[in-house]
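J.: The following block contains the structure, expressed as structure tokens.
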Amino acid sequence: MVRMEMEISNEEEGECEGWTPVGRGRGRGRGGFKVGDGKGIRDVQGSKRDLEESSSEEERVVRRKVVDEKFKVILKLKSEEGQEKISPIGVSREIKKKIGDVEMVKILRDGSLLIECKDIEQKSKAFKVENICKRAVLEKKMLGENKKTRGVIYGIPLDEDLEKLKKNVVGAKVFNMKRLSRTVDGERVGSMSVLVEFEEKELPMNIKIGYISFQVRTYTPPPLRCYKCQRYGHIAAVCKGKQRCPKCGEDHKFEECKEDVEEKCCNCGGNHRVTYGGCEVRKRAKEVVQIKTTKTRTAKQL
Ligand SMILES: [Zn+2]
Ligand SMILES: [Zn+2]
Ligand SMILES: [Zn+2]
């Protein structure tokens, strides 16, 4: 297995994996949360059964969690630079008008709203909301929805048709495939790595495409970086820092930067852009994500 050190990242597009795009309505109002019976990935397909029939301790725990999360909805709002921060009173007023007298709303670190509805009626209303405080709702997610696992396979030629590839996977049920990009001389280009989203509770160790076996590695999402101050762990919508250029570190936007400027990282002071994979600060931020991902994987295997 050839391992390559590369930055598997899609953050430049500002995408957030695992969200349900607005309009596609995946999982809307779906109640059939299913769990496998722990016999192993290969059998999951045939041994899935409804939660109502479950009896093991593990499944009871899952069931309790589902009840708790049943009416929680996350709305991801579009955020533009220079836009004012979300007002608690403004949001509350609008939510009451559009969804009703909900239990609670939390403003998450990435600016999304976590809405705890009281009943199914409020939940379905929440799923119909198109904007809040003049911010468009980009994506809607339901907590407690059957979670998917994500892994990475390496060695997929750049001209390979991923849709065809997906149909030829043996050994696991694949929901989606997406080519990961990497940075070469400051430009985003496609890589040989493909992100695979499985409809499985546990990440398979290997999958076969036709007869060829591929090792499945854990996917570590890129660390969350603020487009305004360039620090890690929050986004521009909730930023309290100053505007920094990701290329030269000065107090202007990337678009306003000069062509032949000397690269300087405002996070570590080194002679590189903030996105450089070898940056110590970036590496540390990445480790944090890695630890989180590993923990999730271990927890799933217990
Ligand atoms: Zn910031
Ligand atoms: Zn600059
Ligand atoms: Zn740096």
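J.: Give me the pairs: first residue in the stretch 251-262 and in the same structural domain as Glu187 (by TED's automatic domain parsing) and closer than 14 Å to Tyr227 by Cβ, second residue within 16 Å of ligand 1 (Cβ to nearest atom) and assigned to a helix (DSSP H, G or I), beta-carbon distance under 7 Å, and six or more apart or on different chains, which are they?
T.: Every condition considered, no pair remains.
J.: Can you run down the residue pairs with Cβ atoms below 6 Å, 6 or more apart or on separate chains, where the first is in the stretch 221-242 and in contact (Cβ under 8 Å) with a residue 40 or more places away in the chain and the partner is of a type in the set (Lys, Arg) and more than 16 Å from ligand 3 (Cβ to nearest atom)?
T.: That search, which allows pairs on different chains as well, returns His234/Arg109; Ala236/Lys228.
J.: Within the group His234, His272, which residue is within 16 Å of ligand 2 (Cβ to nearest atom), at pLDDT below 95 and open to solvent by less than 60 Å² (accessible area, probe 1.4 Å)?
T.: The match here is His272.
J.: Taking the stretch 237-255, which residues are within 21 Å of Ser79 (Cβ to Cβ) and within 7 Å of ligand 2 (Cβ to nearest atom)?
T.: If we filter the stretch 237-255 for residues that are within 21 Å of Ser79 (Cβ to Cβ), which is where we start, we get 237-246, 251-255.
Within the stretch 237-255, Cys245, His252, Phe254 qualify.
J.: Now a separate question. Quickly run through the stretch 213-230 and pick out the residues that are open to solvent by 20 Å² or more (accessible area, probe 1.4 Å) and within 7 Å of ligand 1 (Cβ to nearest atom).
T.: Within the stretch 213-230, Lys228 is the sole residue that qualifies.
J.: Kindly establish whether Thr183 is open to solvent by less than 20 Å² (accessible area, probe 1.4 Å) and of a type in the set (Ser, Thr, Tyr).
T.: On the way: open to solvent by less than 20 Å² (accessible area, probe 1.4 Å): no; of a type in the set (Ser, Thr, Tyr): yes.
So Thr183 fails the test.
J.: Kindly indicate whether Lys201 is in the same structural domain as Lys178 (by TED's automatic domain parsing) and either under 30 Å from Glu163 (Cβ atoms) or open to solvent by less than 30 Å² (accessible area, probe 1.4 Å) (or both).
T.: The answer is yes for Lys201.
J.: Sticking with this one: Going through Gly151, Gly233 one at a time, which residue ends up being within 16 Å of ligand 1 (Cβ to nearest atom) and closer than 28 Å to Arg109 by Cβ?
T.: Only one candidate passes the filter, namely Gly233.
J.: Related question: Only one of Asn267, Asn176, Asn206 is away from ligand 1 (no atom under 14 Å from the Cβ), over 21 Å from the mean Cα position of the chain (by Cα) and not aromatic (Phe, Trp, Tyr). Can you tell me which?
T.: Result of the check over Asn267, Asn176, Asn206: Asn206.
J.: I want to confirm something. Restricting to the stretch 255-264 and keeping residues that are out of contact with any Lys or Arg (no Cβ under 6 Å at 6 or more places or on another chain) and within 17 Å of Tyr276 (Cα to Cα), which single residue is least open to solvent (accessible area, probe 1.4 Å)? First the steps, then the outcome.
T.: Initially, the stretch 255-264 is screened for residues out of contact with any Lys or Arg (no Cβ under 6 Å at 6 or more places or on another chain), giving 255-256, 258-262, 264.
Pick out the ones that are also within 17 Å of Tyr276 (Cα to Cα) and you get 261-262, 264.
On the way: Val261: 44, Glu262: 139, Lys264: 104 Å².
My answer is Val261.
J.: Which members of the stretch 242-256 meet the condition of being away from ligand 3 (no atom under 16 Å from the Cβ) and of a type outside the set (D, E, K, R)?
T.: Passing the criteria: Gln243, His252.
J.: May I ask you to verify whether Tyr211 is more than 12 Å from ligand 3 (Cβ to nearest atom), among the aromatic types (Phe, Trp, Tyr) and in contact (Cβ under 8 Å) with a residue 12 or more places away in the chain?
T.: Answer is no for this residue.
J.: Now for a different question. Please specify each residue of the stretch 110-152 satisfying the condition of being open to solvent by less than 40 Å² (accessible area, probe 1.4 Å), farther than 14 Å from Glu94 by Cα and of a type in the set (Gly, Ala, Ser).
T.: Once the filter is applied, which keeps residues that are open to solvent by less than 40 Å² (accessible area, probe 1.4 Å), farther than 14 Å from Glu94 by Cα and of a type in the set (Gly, Ala, Ser), the stretch 110-152 yields Gly111, Ser112, Gly144, Gly151.
The values are calculated or read from the model by the stated rules, or taken from the named source; none is laboratory data. Everything quoted here is computed from the prediction, not taken from an experiment. Methodologically, a virtual Cβ is constructed for each residue, glycine included, from the backbone with ideal geometry; neighbour enumeration extends over all protein chains shown. Accessible surface areas use protein heavy atoms only, side chains included; no ligands, DNA or RNA. Shrake-Rupley method; radii C 1.70, N 1.55, O 1.52, S 1.80 Å.
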